[in-house]
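Working notes, structure below.
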Amino acid sequence: MNRDEKTTLSDIHYIKLVPIGSVNPNNPLSDESKLAQAELLNRCLNEYPKGIILGKDVTIGTYQIGEHQLVMEKITYHVGFKRKPAWETSE
């Protein structure tokens, strides 16, 4: 396939779900976990084979803790690949 050709949905044979964030107030993510999630998304979009974002799901949780309201968000990106990345099978 030529570099100038666009990827179409018929070219996609593997989809990876990449979550960013959490909606569980009892188990908040550490800074290291948040960074690891972002690094995985960047790896999916930048390393070979490069994936493309097909869609995303947004989950929002609203919690009342005492007199404070806590809003948490989790975004799950659907990243499509032409084939399953080799680094995906090694993890």
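The values are calculated or read from the model by the stated rules, or taken from the named source; none is laboratory data. Keep in mind the model is a prediction, meaning the values are calculated, not measured. Glycine also receives a Cβ, built like all others from the backbone with ideal geometry; neighbour counts cover every protein chain displayed. Quick note on the areas: whole protein, heavy atoms, side chains included, nothing else; ligands and nucleic acids left out. Shrake-Rupley method; radii C 1.70, N 1.55, O 1.52, S 1.80 Å.
A few comments on the model shown:
- Considering segment 16-31, the residues that are modelled with pLDDT under 95 and open to solvent by 90 Å² or more (accessible area, probe 1.4 Å) include one that is farthest from residue 81 (Cα to Cα), namely 26.
- Filter result for the condition that a residue is at pLDDT 95 or above and in contact with a Cys (Cβ under 6 Å, 6 or more places away or on another chain), over 58, 79: 79
- Those residues of segment 66-86 which are farther than 15 Å from residue 41 by Cα, part of a strand (DSSP E or B) and in contact with a Pro (Cβ under 7 Å, 6 or more places away or on another chain), in sequence order: 70, 72
- Filter result (within 15 Å of residue 11 (Cα to Cα) and either of a type in the set (Gly, Ala, Ser) or open to solvent by 70 Å² or more (accessible area, probe 1.4 Å) (or both)) within segment 72-91: 80, 82, 83, 84
- Near pairs, Cβ below 6 angstrom, 6+ apart or cross-chain, from segment 54-74 (more than 16 Å from residue 18 (Cα to Cα)) to any residue that is open to solvent by 70 Å² or more (accessible area, probe 1.4 Å) and of a type in the set (A, V, I, L, M): 62/71
- In summary, residue 13 fulfils each of the numbered conditions (1) within 30 Å of residue 83 (Cα to Cα); (2) open to solvent by less than 70 Å² (accessible area, probe 1.4 Å); (3) not hydroxyl-bearing (Ser, Thr, Tyr) with the single exception of condition (2).
- Within segment 46-71, the set of residues being under 10 Å from the mean Cα position of the chain (by Cα) and surrounded by 12 or more Cβ atoms within 10 Å (Cβ to Cβ) comprises 53, 56.
- Residue in segment 24-39 that is in a helix (DSSP H, G or I) and either touching a residue at least 24 places away in the same chain (Cβ under 8 Å) or over 30 Å from residue 69 (Cβ atoms) (or both) present: yes
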